[in-house]
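The values are calculated or read from the model by the stated rules, or taken from the named source; none is laboratory data. Everything numeric here is computed off the predicted structure, so don't read it as measured data. All Cβ positions, even for glycine, are placed from backbone atoms using ideal geometry, and neighbour counts span all protein chains on display.
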Amino acid sequence: MLIRVPNVLSAEQTEQIIGALESANWDDGRHSAGYLSAEVKNNNQLADQDPVAFELGKIILVALDNNPLFTSAALPLKILPPLFNRYSSGQTYGPHIDGAIRPVSGTPHRLRTDLSATLFLSSPDDYQGGELIIQDTLGERSIKYAAGDMVLYPGNTIHHVRPVTQGTRLASFFWIQSMVRDLEQRTILYRMDNAIQELARNDTAQSVLVDLAGIYHNLLRQWADT
Ligand code: NI
């Protein structure tokens, strides 16, 4: 399940973050990659413990905390401090899978990467290429959102970032450990929550009945044996 979370950041917040990133200390992205990913990774990142990343990450974490769609879709238990990356001049990140467990830098804690998130900071008009391509069982999905929008996708997918052939692509990315580890269960809960919220807004509509019936059968498929 890929979920677009629109307007995680306002235009003012996005501009503030981009402004701060212009003079930040960009590092080679390979430094934070595992040995397999390092072979296909060519971008720049702020180091885990960069104080600028920490301060900008706080803006994102507060925004996420106040975002009902994010909360419903991710059911977050822990969020890794947001990281920041930059692609320009043909930079790219080839097909890879994110590590299942990430250390929380500077602490003894670890986090299981149930969900990956990319929060687009640059406007799509400001660069060519740079699509995030996510492979799932239905094929490839190409993601390039407006500044301030975020995609949430399962941590177990193979994905890549197409070369940025013109301009600069700035984004924040991070991982989430969910209270509900299983993707299918989390998806059912998300859809159920959507249906309930829709019922709360309107008198029961046909679309809501279809959704609730779907949820019933999906729960049955999960838990029934014949
Ligand atoms: Ni990745």
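Answer yes or no: is there a residue in region 78-91 that is surrounded by fewer than 15 Cβ atoms within 10 Å (Cβ to Cβ) and within 14 Å of the ligand (Cβ to nearest atom). Among the residues of region 78-91, not one is surrounded by fewer than 15 Cβ atoms within 10 Å (Cβ to Cβ) and within 14 Å of the ligand (Cβ to nearest atom), which makes the answer no.
Checking Glu39 against (1) surrounded by 13 or more Cβ atoms within 10 Å (Cβ to Cβ); (2) within 16 Å of the ligand (Cβ to nearest atom); (3) more than 30 Å from Asp182 (Cβ to Cβ), which single condition isn't satisfied? Going through the list (1) surrounded by 13 or more Cβ atoms within 10 Å (Cβ to Cβ); (2) within 16 Å of the ligand (Cβ to nearest atom); (3) more than 30 Å from Asp182 (Cβ to Cβ), Glu39 breaks only (1). Val62 satisfies every condition listed in (1) assigned to a helix (DSSP H, G or I); (2) among the hydrophobic types (A, V, I, L, M, F, W, C); (3) surrounded by 13 or more Cβ atoms within 10 Å (Cβ to Cβ) except (3).
Taking residues in region 19-43 that are at positive phi, and partners anywhere that are modelled with pLDDT under 85 and more than 11 Å from the ligand (Cβ to nearest atom), not one pair has Cβ atoms closer than 7 Å while being at least 6 places apart or on different chains. Does region 121-129 contain any residue that is within 16 Å of the ligand (Cβ to nearest atom), in the same structural domain as Val8 (by TED's automatic domain parsing) and either in contact (Cβ under 8 Å) with a residue 24 or more places away in the chain or surrounded by fewer than 16 Cβ atoms within 10 Å (Cβ to Cβ) (or both)? No, region 121-129 contains no residue that is within 16 Å of the ligand (Cβ to nearest atom), in the same structural domain as Val8 (by TED's automatic domain parsing) and either in contact (Cβ under 8 Å) with a residue 24 or more places away in the chain or surrounded by fewer than 16 Cβ atoms within 10 Å (Cβ to Cβ) (or both). What residue, among those in region 101-114 that are within 17 Å of Phe84 (Cα to Cα) and not β-branched (Val, Ile, Thr), is surrounded by the most Cβ atoms within 10 Å (Cβ to Cβ)? Checked region 101-114; the qualifying residue surrounded by the most Cβ atoms within 10 Å (Cβ to Cβ) is Arg102.
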